[in-house]
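These notes concern the structure reproduced below.
The values are calculated or read from the model by the stated rules, or taken from the named source; none is laboratory data. Values in this document were obtained by computation on a predicted structure and should not be read as measured data. Every residue, glycine among them, receives a Cβ derived from its backbone with ideal geometry; neighbour counts consider all protein chains shown.
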Amino acid sequence: MPEITVRGLTKRYGKVIAVDDATLTIKDKEYVTILGPSGCGKTTLIRMMAGIIEPTEGKVFIDGKDMKGVPIEERDLGYVFQNIALFPNMNVGENVSYSPRVKGKSPEEQGTTSHKYLELVKLLDKMGMFPGELCGGEQQKVSLARALATGSKLLLLDEPLSALDARVRVDLRYDLRRLVKALGITTVHVTHDQEEAMSVSDRIVLMRAGAIVEMGTPEQLYTKPENIFTMNFIGETNLIEGWVRERSVGLCKIELRDGSELEVHSCPYDTGTAVVVSVRPEFVYPFTSGLRSKIVSTTYMGTYWRMTAESASEDEIDFDVPVSDGHLYKIGQEVYLMINNKATVVFPRPHEGIAEAVKLE
């Protein structure tokens, strides 16, 4: 079963560094998503793994074998592209049986393989139809079935859902994980969609400006990231500036810009250190005491209202109010916000400033 290792993988185009010294290992049967904003180098990285792009520096190992000079067709992998790439002159069954046919399998084996994988993606009844007769989600399912029909135990997915409608994307991402886990396939999935990455991955590799920023499980990167960029990019968060006023066992008091105080759980920085406190909107609650704030905007999100308030310390703080509560705060209304201190993460204030530290480029 394949394990993928990349060591010091770098790709330069003149003075532009598309991927910078990427090193990671993807374990056998693991589902890993490479996540990041557009232009961060994630597609370049997966294409170097596949052999579509030759790296400037570094190595790719599949199952312990150095892939230098090995073309994609000899790497024993399935690849699904962002743009649906089916043969328009072949029907669905013929598209899926293409790889077995090229490998010289008998017509019976070709038919059996096509039947097996179309059944897995629940499109067996579409076997005789042509790609142009299918909707986008069905076409991408056929692309997936064709990749699986190679018989490879390594599957590379390059933004496979980005061209699809939102509802279809949600349905298909669960099908993807179900299929590859059932088949025991090592999978690398590239996406810029945080929710997609969170829902399908065993582990996420987050990239920014050509470099790997952080790696971890979805839960780790959401609840306790090591990097302020990770905290801001994955999900939504509030970033509150201050200084460490006092430290004690298990708790830390942060002085905010207006002199008010915020108590947080676990802070490893010395007294006087400039810090940024991060807390997700779901852990901020309107209360009878807390950070004095004023509502500046309200946004209807379907099941909840997203409220944005400006605190007395001039920090913008988002919090959510379920529609079922039947209470809507008005713009300009004063509110006190209580923060769950056990859900906070504290970072040292970036030298370059918060805006620079979290920007996508």
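Of note:
- Residues that are touching a helix residue (DSSP H, G or I) at 6+ places or on another chain (Cβ under 7 Å) and not β-branched (Val, Ile, Thr) within segment 276-305 comprise Ser278, Arg280, Phe283, Tyr304, Trp305, listed in sequence order.
- Taking the criterion of being assigned to a strand (DSSP E or B), under 19 Å from Pro322 (Cα atoms) and among the aliphatic types (A, V, I, L, M), the residues of segment 290-304 that qualify are Ile295, Val296.
- Segment 207-251: number of residues that are of a type outside the set (Asp, Glu) and either farther than 25 Å from Gly41 by Cα or assigned to a helix (DSSP H, G or I) (or both): 23
- Number of residues in segment 318-361 that are in contact with a Leu (Cβ under 9 Å, 6 or more places away or on another chain) and farther than 11 Å from Pro286 by Cα equals 5.
- Inspection of segment 203-215 identifies no residue that is exposed (fewer than 15 other Cβ atoms within 10 Å of the Cβ), at negative phi and acidic (Asp, Glu).
- Any chance Pro107 is on the phi < 0 side of the Ramachandran plot, crowded, with 20+ Cβ neighbours inside 10 Å and in the same structural domain as Lys29 (by TED's automatic domain parsing): no
- Residue satisfying all of: in segment 32-68; under 22 Å from Val102 (Cα atoms) and out of contact with any strand residue (DSSP E or B) (no Cβ under 6 Å at 6 or more places or on another chain); surrounded by the most Cβ atoms within 10 Å (Cβ to Cβ) among these: Gly51
- Filtering Pro100, Pro2, Pro55, Pro88 for residues that are closer than 18 Å to Leu157 by Cβ and outside any strand (DSSP E or B) leaves a single hit, Pro2.
- Residue that is modelled with the lowest pLDDT [pool: residues in segment 252-274 that are assigned to a strand (DSSP E or B) and either buried (at least 19 other Cβ atoms within 10 Å of the Cβ) or touching a Ser or Thr at 6+ places or on another chain (Cβ under 8 Å) (or both)]: His265
- Taking the conditions (1) in contact with a Cys (Cβ under 6 Å, 6 or more places away or on another chain); (2) outside the structural domain of Ala309 (by TED's automatic domain parsing) in turn, Cys252 satisfies each one other than (2).
- Cβ separations smaller than 6 Å between residues 6+ apart or across chains give the following pairs from segment 136-149 residues that are part of a helix (DSSP H, G or I) to residues that are aromatic (Phe, Trp, Tyr): Ala145/Tyr117; Leu148/Tyr117.
- Filtering segment 150-175 to residues that are within 19 Å of Ser99 (Cβ to Cβ) and surrounded by 24 or more Cβ atoms within 10 Å (Cβ to Cβ) leaves Leu154, Leu155, Leu156, Leu157, Pro160.
- Counting the residues of segment 1-22 that are touching a Gly at 6+ places or on another chain (Cβ under 6 Å) and either loosely packed, with under 14 Cβ neighbours inside 10 Å or closer than 17 Å to Lys181 by Cβ (or both) gives 1.
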